[in-house]
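This report refers to the structure that appears directly beneath it.
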Amino acid sequence: MRTWGLVLAVAFVVLSAGCSTVVVGTAEPAGESGGGGGGAPISAISLGEIRTVDVCGLLPGEELAKIGRVEDRPGQGINVCQKVLNLEEGEGEAKKVVGVLDLKLTLESPASSPESVRRSYPTGFTESKRGATTTYQGKDATGSCMRAATVEKGLLVLSVKKRNNMVAADPCEAASSLFDGMLRALSSGGVVPRRTPDPGSLAEVDLCGLVTADMLKSAYNKDLPLSPNSGAFSCAFGESPMTGTVLVKASTMVKPGVIPPMPGTKEFDIAGRPATQHDMESGQAGGGCSVQLGHRALAADAGGGLPYLESVDFFFLAMDAGTNACQQTVALATAVAAKLPPVS
């Protein structure tokens, strides 16, 4: 279940990052070998229309199969691919799972700044220049291994984490193998995999076009200009959290009512769509509110996992946010709901 305090903290970092142009400095001492730590030069990677990329299709199938038996995970968004790699030993009826790796590939647009990537994966963090492409590698406090590469208008971030200690699986080795295979394919000029067009999906929606200056002024009673830190999957408005910022992001959510909501989270409907809201308590970092607006249902996984919806997430942060922050953010979400494709 999502921790809203962490989500809002991440949103604060995104909103206060400004432009996310990659500036390459001196690489720190390398962490794990391979992957983002170096390698052959790579030409600039262009994915074309970024909203139509099949993110799961970017993963090298042969490399995945070498690591383990692959299963899809539920709740995959329009720019996220999640898979489970089951490490098996034995043959036939004696075959058994001896370890599990969780994999996540995210296509960010806009791209996180190098400093934001470093904060998320500080252990052994390395930034390298490989021709026209900048790559990163590092680990976070949970042991998740990250490999990332800049692409035109975005950033590809791959993370692999060992779920348990049943086997001495190396998530960093798996991350490097998959990452290098993906970069080889992308830099060779091959065809970028595309999703089948779906008029009902958020992938077909221009998030920045959903929100107008008048809608923001009506909701928050202040001018919140479009921020340069906007892209295909999230749009930011406002110049600083000191004066107020809004982040509108394509995401996913567990269907409300299936599991108990987190403390402080309210479940309700907005224009006939399932929604949640969560107050951010005022403090040194100000206050604000987050709202999730449900869209269409995602396909259920074969294992009968939790039902997920596509969602549009709203984050409002301001030093002077008052007790009506959620009322204001719900007002913006209501106006956006009227412009979304109908839910079939």
Do you know which residues across the stretch 136-148 are surrounded by fewer than 24 Cβ atoms within 10 Å (Cβ to Cβ) and either within 11 Å of Val117 (Cα to Cα) or not assigned by TED's automatic domain parsing to the domain that holds Leu47 (or both)? Lys139, Asp140
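Yes or no, residue by residue, for (1) among the charged types (D, E, K, R); (2) in a helix (DSSP H, G or I); (3) touching a helix residue (DSSP H, G or I) at 6+ places or on another chain (Cβ under 9 Å):
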position: Ser159; (1), (2), (3): no, no, yes
position: Asn164; (1), (2), (3): no, no, no
position: Ala175; (1), (2), (3): no, yes, yes
position: Thr196; (1), (2), (3): no, no, no
position: Gly200; (1), (2), (3): no, no, no
position: Leu216; (1), (2), (3): no, yes, yes
position: Val258; (1), (2), (3): no, no, no
position: Met262; (1), (2), (3): no, no, yes
Single condition Arg119 does not satisfy, out of (1) part of a helix (DSSP H, G or I); (2) closer than 22 Å to Ser43 by Cβ: (2)
Out of the stretch 129-151, which residues are part of a loop (DSSP other than H, G, I, E, B) and within 17 Å of the chain's Cα centre (by Cα)? Asp140, Ser144
Restricting to the stretch 178-194, give me the number of residues that are part of a loop (DSSP other than H, G, I, E, B) and over 22 Å from the mean Cα position of the chain (by Cα). 4
Answer with yes or no whether Asp269 is within 28 Å of Ile50 (Cβ to Cβ), among the acidic types (Asp, Glu), surrounded by fewer than 19 Cβ atoms within 10 Å (Cβ to Cβ) and assigned by TED's automatic domain parsing to the domain that holds Tyr308. no
Ile67 within 23 Å of Leu155 (Cα to Cα) and crowded, with 18+ Cβ neighbours inside 10 Å: no
Within the stretch 91-124, take every residue that is over 15 Å from the mean Cα position of the chain (by Cα) and among the hydrophobic types (A, V, I, L, M, F, W, C) and give me the one that is modelled with the highest pLDDT. Leu101
Looking at (1) modelled with pLDDT of 90 or more; (2) touching a Pro at 6+ places or on another chain (Cβ under 9 Å), which is the one condition that is false for Arg130? (1)
For Pro228, the lone unmet condition from (1) at pLDDT below 95; (2) under 24 Å from Pro114 (Cβ atoms); (3) touching a strand residue (DSSP E or B) at 6+ places or on another chain (Cβ under 6 Å) is (3)
Quick one: in the stretch 202-211, of everything that is surrounded by 12 or more Cβ atoms within 10 Å (Cβ to Cβ) and part of a loop (DSSP other than H, G, I, E, B), which residue is modelled with the lowest pLDDT? Val205
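The values are calculated or read from the model by the stated rules, or taken from the named source; none is laboratory data. Model, not experiment: these values are computed from the prediction. Heads up, the Cβs are rebuilt from the backbone with ideal geometry, glycines too, and the neighbour counts pull from every protein chain shown.
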